[in-house]
1. Could you list, ordered by first residue, the pairs with Cβ atoms under 8 Å in which the first is in the range 20-45 and in a loop (DSSP other than H, G, I, E, B) and the second is among the charged types (D, E, K, R) and surrounded by 15 or more Cβ atoms within 10 Å (Cβ to Cβ), at least 6 apart or interchain?
2. Taking the range 46-72 as the region of interest, how many residues are modelled with pLDDT of 60 or more and outside any loop (DSSP other than H, G, I, E, B)?
3. For the range 1-13, indicate whether the set of residues that are at pLDDT 90 or above and surrounded by 11 or more Cβ atoms within 10 Å (Cβ to Cβ) is non-empty.
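The values are calculated or read from the model by the stated rules, or taken from the named source; none is laboratory data. Just so it is clear, the structure is predicted and the values come from calculations on it, not from any experiment. Virtual Cβ from ideal backbone geometry, glycine too; neighbours counted across all protein chains shown.
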Amino acid sequence: MDRSETGSTMVGPRGFSITTHSKDLRTGGHWNYTMHGPDGTNYPNKTQYLEVKEYAKLVYDHGGKRRSAAPLSGHRFILRE
């Protein structure tokens, strides 16, 4: 995967990097990744994709590092012309 596929160019605070462990960008899919802080601290993350419509809509829950964790935040992006 290149940087555009991992999302590492658009996710996370300045100075952080991202390692993607698995990513399935479709409704019901997930993204498991680790954010690496500038101080060397690792932050495991999991995102669950709830609704994906190519070039139109992306709805996901960001559930943190535990598989069983309740969502930490939900996001909805709707693209319109």
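1. Final answer for the pair search is Gly29/Lys23.
2. Kept after step one, since they are modelled with pLDDT of 60 or more, are these residues of the range 46-72: 46-63.
Next, from what is left, pick out any that are outside any loop (DSSP other than H, G, I, E, B): 46-53, 57-63.
Number satisfying all stated conditions: 15.
3. Of the residues in the range 1-13, the ones at pLDDT 90 or above are none.
No, that holds for no residue.
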